[in-house]
1. Which number in (1) of a type in the set (K, R); (2) over 15 Å from the mean Cα position of the chain (by Cα); (3) buried (at least 22 other Cβ atoms within 10 Å of the Cβ) marks the one condition that R160 misses?
2. Name the single residue, out of those in region 249-269 being under 22 Å from K232 (Cβ atoms) and free of Cβ contacts under 8 Å to residues at least 12 places away in the same chain, that is surrounded by the most Cβ atoms within 10 Å (Cβ to Cβ).
3. Among the candidates L161, L151, single out the residue that is aliphatic (A, V, I, L, M), within 20 Å of P10 (Cβ to Cβ) and in the same structural domain as R76 (by TED's automatic domain parsing).
4. Please return the ranges of strands (runs of 3 or more DSSP E) entirely within region 1-80 where 1 or more residues are closer than 17 Å to S102 by Cβ.
5. What residue, among those in region 105-119 that are touching a helix residue (DSSP H, G or I) at 6+ places or on another chain (Cβ under 8 Å) and among the aliphatic types (A, V, I, L, M), is surrounded by the most Cβ atoms within 10 Å (Cβ to Cβ)?
6. Here are some conditions: (1) closer than 26 Å to E239 by Cβ; (2) at pLDDT 95 or above; (3) of a type in the set (K, R); (4) out of contact with any strand residue (DSSP E or B) (no Cβ under 6 Å at 6 or more places or on another chain). R149 meets all but one. Which one does it not meet?
7. So, of the residues in region 85-104 that are within 19 Å of the chain's Cα centre (by Cα) and in a helix (DSSP H, G or I), which turns out to be surrounded by the fewest Cβ atoms within 10 Å (Cβ to Cβ)?
8. Can F167 be described as in contact with a helix residue (DSSP H, G or I) (Cβ under 9 Å, 6 or more places away or on another chain), surrounded by 22 or more Cβ atoms within 10 Å (Cβ to Cβ) and touching a residue at least 12 places away in the same chain (Cβ under 8 Å)?
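The values are calculated or read from the model by the stated rules, or taken from the named source; none is laboratory data. Since the model is a prediction, treat every value here as computed from it, not as a measurement. No Cβ is skipped: glycine too gets one built from the backbone with ideal geometry, and neighbour counts run over all protein chains shown.
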Amino acid sequence: MKPLVSVLMPVYNSEKYLEEALRSLVSQDYENLEIIILDDGSDDSSFSIISRFKERDDRIIVERRENKGIGSGRNRLLALSSGYFVLFFDSDDIILSKDFISTLVSDSENYKADVVSARTVPFKRKVKKTKDKGKRIYSGREFSSLMTRPLGFFCYPHSRLIKKSLFTSFSFPENMIFEDIPVMPWVIREAERVVYDTGAIYSYRINKKGLSHSKFSPSSLFEMDAYYFNIKKAEDNKERKISINSSIFFLTKYYYYLLRVMIRGLGLREYKARYKEKAKEAWHVLFYGG
């Protein structure tokens with residue numbers, strides 16, 4: 001029998017796109033599948049939409065609770081899951097191919113991989129066609145370092161079939177925005193082999209209301225806190241590539257946000273007090289290795 005795959009979907013006020021996302025999930029041709037949905041205190045019609053789908057599909061498992069945030073939600077979804085593999089799926093994204101999950105599982109079997117990462121394609125209304133450029137094979141350490149590099153694979157949890165046991169020693173921070181950045185590179189680092197399949201397409205929506213694509217605000221600064229966490233952890237673990245990549249990312253964001261803070265007048269003195277010494281540390285890592 002094929003391994004059980006747990007699709008993990010956190011939901012919060014997603015009524016606008018949720019039905020389309022769920023349709024793309026329930027149409028998957030992979031049979032040994034459970035779809036676990038956590039409604040994290042939605043006050044729109046999200047739970048009603050989820051309930052309708054659950055009535056028609058017994059693979060769907062639903063839990064509803066008061067809002068506790070995305071980090072806590074991801075941890076709860078992992079706790080509820082029974083799969084050998086997990087696949088995080090955002091509630092405003094879609095999968096166009098019915099054999100998407102089947103393809104990822106086949107890749108894991110054919111290449112003896114602990115992680116299979118799909119190609120992510122952004123969209124607003126329509127998904128653009130892309131060419132299949134084949135498969136690439138990495139070690140977990142190689143792939144994790146690329147996740148922390150600007151214009152690399154990035155640290156998002158979605159679009160990746162991951163052996164659940166890799167999460168055994170990790171949990172998402174529940175008091176940090178950008179909760180995926182200080183976790184996912186270290187989870188993937190535990191993998192012996194990672195397959196990147198450019199022919200398996202995960203379509204993620206550019207949602208201006210989402211944190212990753214919203215306009216600059218003071219909360220955007222927490223992204224730097226997440227990358228600073230990776231700098232320190234990489235130095236402690238002697239992961240030079242991750243520390244360098246995270247330092248570059250941190251400094252890029254530091255000067256970009258410095259400009260935005262100056263333009264918007266959001267408290268330049270407080271910003272410098274919070275990040276100036278951390279920026280010095282990042283420069284030190286680049287030139288002297290921590």
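1. Evaluating R160 over (1) of a type in the set (K, R); (2) over 15 Å from the mean Cα position of the chain (by Cα); (3) buried (at least 22 other Cβ atoms within 10 Å of the Cβ) leaves (2) as the failure.
2. First, the residues of region 249-269 that are under 22 Å from K232 (Cβ atoms): 249-258.
Filter again for free of Cβ contacts under 8 Å to residues at least 12 places away in the same chain, leaving 255-256.
On the way: Y255: 10, Y256: 13.
Applying the filter and picking the extreme gives Y256.
3. One residue alone meets the criteria, L161.
4. Details: elements: 5-11, 33-40, 60-65.
Fully inside region 1-80 and qualifying: 5-11, 33-40.
5. Across region 105-119, the extreme among qualifying residues is V116.
6. Tallying (1) closer than 26 Å to E239 by Cβ; (2) at pLDDT 95 or above; (3) of a type in the set (K, R); (4) out of contact with any strand residue (DSSP E or B) (no Cβ under 6 Å at 6 or more places or on another chain), R149 fails exactly one: (2).
7. Going through the qualifying residues, I end up with F100.
8. Answer is no for this residue.
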